[in-house]
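Readers should treat all values here as calculations from the given coordinates under stated rules, not as data from a laboratory. Note that the structure is a prediction, hence the values are computed from the model and not measured. Neighbour counts run over all protein chains shown; Cβ positions are idealised from the backbone, glycine included.
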Amino acid sequence: MSDNTFESPLREFLVGQTRRQFFASSGFSVGSIALAGLLGKQGSASAADAGKPNYGSRVHPALPEMPHFPAKAKRLIYLHWNGAPSQLDTWDYKPDLHKHFGIDLPESVRMGQRLTTMTSGQAKFPVAPSKFKFKQMGHSGTWVSELLPHIGSQVDKIALMRTVFTNAINHDPACTFVMTGSEIPGKASLGSWLAYGLGSENEDLPSFVVLTPSWSSKANAQALFTRMWSSGFLPGKFTGVALRGQGDPVLYIQNPDGVARDDRRRMLDTLNKFNQANYERYADPDTLTRIAQYEMAFRMQASVPDLTDFSNESKETLEMYGPDVTKPGTYAASCLLARRLAERNVRAVQILHRGWDQHNNLPSEISLQCGDVDQPTAALIKDLEKRGLLDDTLIVCGGEFGRTVYSQGALSNENYGRDHHPKNFCMWMAGAGVKGGTVFGETDDFSYNVVKDPVHLNELNATVLQQMGIDHRRFIYPFQGLDQRLTGVEPARVIKEILA
């Protein structure tokens, strides 16, 4: 045997070894533990049985210690209005602003706060009161814009926070911060954290589903990056699965002509044996993710067509969501789909509705956007309540930051625009132990600064985790030498004032 012949297998093995694979296969392999959890092993598995796929067992098990305490919420529906809705034109009523129309925003209010490059060069910062009327709604008397009459009818089930603030002033880092608790890409999203910690009671659908509906605004919309539903440093199987609004919800959901479901099952079993052999050789945890995702894809071939078939919905239900509900890919259809996912005990559903970045022509553009979301959002609340699901479903709604009280560009009584404003904006929660009819926090007369009860986004996320039965301080994942948390390393309190 020549030296080259002798060295070839060793060289091939070493070249194939990544740093992760080396450490995983030379000592205590975390991957083996992950595989046991993935395949739903009970008790101590024998060496002969370890790693053998068990397709009848749980695909989405919770961590052994989860939840930390009895949860109010079993599932989360997160309505993200991407682009930053104007709090001044929706929820933060400032009736005296008309007295300051067109007057330069006082420096005592602006206090040298940073501005975006889109308005930092303006010579003036003229105050632009909202052109929309507000009225008090519900027994709570919450002030609501005429743009949101349907959601306004549900205010007694809603806890409104008017003083949410963030660190970022531009969309991409701000959206990344909303969803991951950090402006730095690569972190795990809220839905992925929940899927990782709590798993899902549905074995035939992903534990985290993402919907990206169409929108009516004619303005350019911000791009949506997959990091907003990525698992980041968590195992890849916890990444959100985005369902398409047009055509098949998932690409290749149908088998090719001539391929029966039993044939697909046999093909998958054979492929999984190859992947299992690859894992046993290299101990790469990503191989376990591949096995899990192939299995979930097979199950989704049967579950997704049933999920997206609205033919069994009553006429009354469809009318409640509005005329767009039967149009694939709309916000209304997405809200009905969210209710159907909640019925099927999917852990986290995220709807990202774009088009809210209204630097110009705000009155006409925001009217179109609110026309998209108002009736379907209210219908989602009512529908969940009617079916007994609102008590254990947490709804969160809001954008990534707020808008300025001063106008960007020209100002008139009927038209104005608003720039980005991270210092205060409005978000709300409903369901699952939320104290309905609550209004929390106060801003100054210009909706420019918080004067009482600020709510940092990490505190909002801490509150979400609390309702899901998770102590955010104990919910960690070691990565790059740090105990990573959704809520960061600085202290973050739960907003108990909005909880029942």
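Modelled label positions at residue 310 and residue 153, each set 7 Å beyond Cα in the direction of Cβ, lie 1.8 nm from each other.
Dividing the mean sequence gap of close Cα pairs (under 8 Å, 6+ apart) by how many residues segment 343-478 holds gives a relative contact order of 20 percent.
Full extension of the chain between residue 113 and residue 473 yields a length gain of 126.4 nm, computed as 0.36 nm times the residue separation minus the alpha carbon distance. Only Cα pairs under 8 Å and 6+ residues apart enter the sum, and on that basis the relative contact order of the chain stands at 27 percent.
Relative to the dominant Cα principal axis of the chain, helix 362-386 is inclined by about 60°. In loop segments of segment 380-463 as defined by DSSP, the GluC sites (Glu not before Pro) with at most 13 further C-beta atoms inside 10 Å of their C-beta are 414. Restricting segment 93-132 to chymotrypsin sites (Phe, Trp or Tyr not before Pro) that sit in a DSSP loop and have at most 16 other Cβ atoms within 10 Å of their own Cβ leaves 101.
For residue 293 and residue 452, a Förster radius of 30 Å and the Cβ-Cβ distance give a FRET efficiency of 0.05, rounded to the nearest 0.05. Pairs of Cα atoms nearer than 8 Å and 6+ residues apart set the relative contact order; for segment 147-265 it is 23 percent. Relative to the current alpha-carbon distance between residue 69 and residue 104, full extension at 0.36 nm per residue lengthens the span by 7.5 nm.
The distance separating the Cα centre of segment 129-158 from that of segment 454-486 comes to 31 Å.
For the listed residue pairs 452/496; 187/237; 157/315; 133/382; 74/157; 94/131, the alpha carbons are over 20 angstrom apart in 157/315; 133/382. Charged neighbours of residue 166, selected by a Cβ distance under 12 Å, balance to -2 (K, R count +1; D, E count -1). Spacing of the modelled spin labels on residue 254 and residue 385, each 7 Å from Cα toward Cβ, amounts to 4.1 nm.
Close amide H partners of residue 241, meaning residues 5 or more places away or on another chain with modelled amide H under 5 Å apart, are 208, 209, 210. Translational diffusion coefficient of segment 212-274 (Stokes-Einstein, Kirkwood radius from Cα pairs, 25 °C, 0.890 mPa s): 159 µm²/s.
Once you order the gyration tensor axes a ≥ b ≥ c over the Cα atoms, which shape class does the chain get: rounded for a/c under 1.5, otherwise prolate or oblate by comparing a/b with b/c? Prolate shape, in that a/c is at least 1.5 and a/b is the bigger ratio.
Under 5 Å from the amide H of residue 419 lie the amide H atoms of 404, 408, each residue being 5 or more positions distant or on a separate chain, with H modelled from the backbone and absent for Pro and chain starts. Helix 261-282 axis versus longest C-alpha principal axis of the chain: approximately 80°, rounded to the nearest ten. Only DSSP H runs of four or more residues enter the estimate; each adds -39500 (n - 2.57), and after division by the residues of the chain the mean residue ellipticity at 222 nm equals -10000 deg cm²/dmol.
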